[in-house]
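Engineer: Mind having a look at this structure? Questions to follow.
The values are calculated or read from the model by the stated rules, or taken from the named source; none is laboratory data. It should be emphasised that the depicted structure is a prediction, and the values quoted were computed from it without experimental measurement. Cβ placement follows ideal geometry from the backbone for every residue including glycine, while neighbour counts extend to all protein chains displayed. To get the accessible areas, we keep the full protein, side chains included, count just its heavy atoms, and leave off ligands, DNA and RNA. Shrake-Rupley method; radii C 1.70, N 1.55, O 1.52, S 1.80 Å.
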Amino acid sequence: MLFRSLFAVALAATATMAASLQAVTGFGTNPSQIQMYIYVPDKLATKPAIVVALHPCGGSGQQWFSGTRPTVQYADQLGFILIYPSTPHMSNCWDVQNAASLTHGAGGDATGIVQMVNYTLTKYSADPERVYVFGSSSGGMMTNVIAGTYPEVFAAGSATSGTPFACFAGAPSATPFSPNQTCAQGLQHTAADWGNFVRNAYPGYTGKRPRMMIWHGNADALVRPQCALEALKQWSDVLEVPDMKTVANVPASPYTQYLYGDGSKVVGYMGAGLGHMPAINDKVMLTFFGLLS
Ligand SMILES: *[C@@H]1O[C@H](CO)[C@@H](O)[C@H](O)[C@H]1NC(C)=O
Ligand SMILES: *[C@@H]1O[C@H](CO)[C@@H](O)[C@H](O)[C@H]1NC(C)=O
């Protein structure tokens, strides 16, 4: 009997030791009523880094957790925390057209996501200097938005199949079903104009800005590849690295690298023949973040 109950306790302990995705409620300010999920690996690093993972339209935190298994394995290996925000609104697309999310401290999904970061920093004594964000499609669009609106929060971001900061501003919605696809069809501005949208999101801010990585497939018909080139123009202006050269087959075929300066602040990868939402290259992304060497 004693053996049996000890065995049950041991089993229960094993079960609770395997980390899993957890819903978090009551994490604080959440003006647009989005949801928070978190993955805290069993072996957490001391003063862990935080990586925010943003799902595409039609997705959810749980779905994107399943869709980013390699990232989760790196979290287990390296001991960083993953936050999976989830939006139930607007066909599960992030509110990248919303003036509130495009303005520092003004609300929208961006404020809720930043609050999730705040909550996690405090609860897990995480490292405020090592907070990162990545996402695909709508999640890539929101990666560019939140990096622009909350530059003090994020050290780096990686946007796949996204659009520049403020690209959807003035469009009533930013879903694939919205009649106005001007942005996703490759809306163009000058680098300086794109840069001004970012600077005007947080007037007077002179602190550091997140380093940015942009990924896209050049056969993407839903969010045109021009959107990636526009985002690169934007970040090269904001981060003041105007000189660019392309390097074929980096990190590997079919990708061409868009190298701004030495690539440590702004870098892009365009995949020849790839469509919407190409697979995330965790190794290159986490190395850019500084989590892998
Ligand atoms: C997050 O923390 C910062 C710094 O402590 C604070 O200014 C901010 O109001 C907090 N919440 C949000 C949503 O930004
Ligand atoms: C369509 O969206 C763009 C931004 O993506 C905006 O500038 C434009 O005003 C919108 N057009 C209409 C008719 O609402």
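Engineer: All but one of (1) more than 24 Å from Cys167 (Cβ to Cβ); (2) open to solvent by 70 Å² or more (accessible area, probe 1.4 Å); (3) modelled with pLDDT of 95 or more hold for His89; state the number of the condition that does not hold.
Structural biologist: (1)
Engineer: Mind telling me which of the residues Gly263, Gly273 ends up being part of a loop (DSSP other than H, G, I, E, B) and open to solvent by less than 30 Å² (accessible area, probe 1.4 Å)?
Structural biologist: Answer to the check: Gly263.
Engineer: Continuing with this model, one more query. Would you confirm whether or not segment 31-51 contains a residue that is among the charged types (D, E, K, R), open to solvent by 90 Å² or more (accessible area, probe 1.4 Å), modelled with pLDDT of 95 or more and touching a helix residue (DSSP H, G or I) at 6+ places or on another chain (Cβ under 9 Å)?
Structural biologist: Yes, some residue in segment 31-51 is among the charged types (D, E, K, R), open to solvent by 90 Å² or more (accessible area, probe 1.4 Å), modelled with pLDDT of 95 or more and touching a helix residue (DSSP H, G or I) at 6+ places or on another chain (Cβ under 9 Å).
Engineer: Being over 27 Å from Asn118 (Cα atoms), in contact with a helix residue (DSSP H, G or I) (Cβ under 7 Å, 6 or more places away or on another chain) and among the hydroxyl-bearing types (Ser, Thr, Tyr) is the requirement here; does Thr175 meet it?
Structural biologist: Against the criterion (over 27 Å from Asn118 (Cα atoms), in contact with a helix residue (DSSP H, G or I) (Cβ under 7 Å, 6 or more places away or on another chain) and among the hydroxyl-bearing types (Ser, Thr, Tyr)), Thr175 qualifies.
Engineer: While we're on this one: Which pairs do you get when a residue that is open to solvent by 20 Å² or more (accessible area, probe 1.4 Å), found in segment 228-253, comes within reach of a residue that is among the polar types (S, T, N, Q), reach meaning Cβ atoms under 6 angstrom, with the pair 6+ apart or on two chains?
Structural biologist: Pro242/Ser236; Thr246/Thr256; Val247/Gln257; Ala248/Thr256; Val250/Gln257
Engineer: Within segment 142-166, can you find the residues that are of a type in the set (A, V, I, L, M, F, W, C) and open to solvent by 10 Å² or more (accessible area, probe 1.4 Å)?
Structural biologist: Val153, Ala155, Ala166
Engineer: Looking at (1) part of a strand (DSSP E or B); (2) touching a Lys or Arg at 6+ places or on another chain (Cβ under 7 Å), which is the one condition that is false for Thr246?
Structural biologist: Result: Thr246 passes all but (2).
Engineer: Now, a different point. I'd like to verify a number: residues in segment 69-128 that are in contact with an Asp or Glu (Cβ under 9 Å, 6 or more places away or on another chain), among the hydroxyl-bearing types (Ser, Thr, Tyr) and within 13 Å of ligand 1 (Cβ to nearest atom), how many?
Structural biologist: 1
Engineer: Checking the conditions here, which among Ala110, Ala100, Ala159 is touching a strand residue (DSSP E or B) at 6+ places or on another chain (Cβ under 8 Å) and away from ligand 2 (no atom under 16 Å from the Cβ)?
Structural biologist: Ala159 is the lone residue from the list that is touching a strand residue (DSSP E or B) at 6+ places or on another chain (Cβ under 8 Å) and away from ligand 2 (no atom under 16 Å from the Cβ).
Engineer: Go through segment 137-173 and count every residue that is among the small types (Gly, Ala, Ser), in a loop (DSSP other than H, G, I, E, B) and either within 18 Å of Ile214 (Cβ to Cβ) or within 16 Å of ligand 1 (Cβ to nearest atom) (or both).
Structural biologist: Restricting attention to segment 137-173, the residues satisfying the condition of being among the small types (Gly, Ala, Ser) are 137-140, 147-148, 155-159, 161-162, 166, 169-171, 173.
Still in the running and in a loop (DSSP other than H, G, I, E, B): 137, 155, 161-162, 166, 169-171, 173.
Still in the list and also either within 18 Å of Ile214 (Cβ to Cβ) or within 16 Å of ligand 1 (Cβ to nearest atom) (or both): 137, 155, 161-162, 166.
So the count comes out to 5.
Engineer: Within segment 34-55, how many residues are assigned to a loop (DSSP other than H, G, I, E, B) and either free of Cβ contacts under 8 Å to residues at least 60 places away in the same chain or touching a Cys at 6+ places or on another chain (Cβ under 9 Å) (or both)?
Structural biologist: 5
Engineer: Follow-up. Across segment 99-136, what is the number of residues that are under 22 Å from Gln185 (Cα atoms) and not in a loop (DSSP other than H, G, I, E, B)?
Structural biologist: Number satisfying all stated conditions: 3.
Engineer: Filter segment 188-215 down to residues that are open to solvent by less than 50 Å² (accessible area, probe 1.4 Å) and either outside any loop (DSSP other than H, G, I, E, B) or more than 16 Å from ligand 1 (Cβ to nearest atom) (or both), then give me how many there are.
Structural biologist: 11
Engineer: Checking Val117 against (1) more than 16 Å from ligand 2 (Cβ to nearest atom); (2) in contact with a helix residue (DSSP H, G or I) (Cβ under 8 Å, 6 or more places away or on another chain); (3) hydrophobic (A, V, I, L, M, F, W, C), which test does it fail?
Structural biologist: (2)
Engineer: Moving to a separate point now. Among Trp64, Trp94, which is the only one that is within 17 Å of the chain's Cα centre (by Cα) and in a loop (DSSP other than H, G, I, E, B)?
Structural biologist: Trp94
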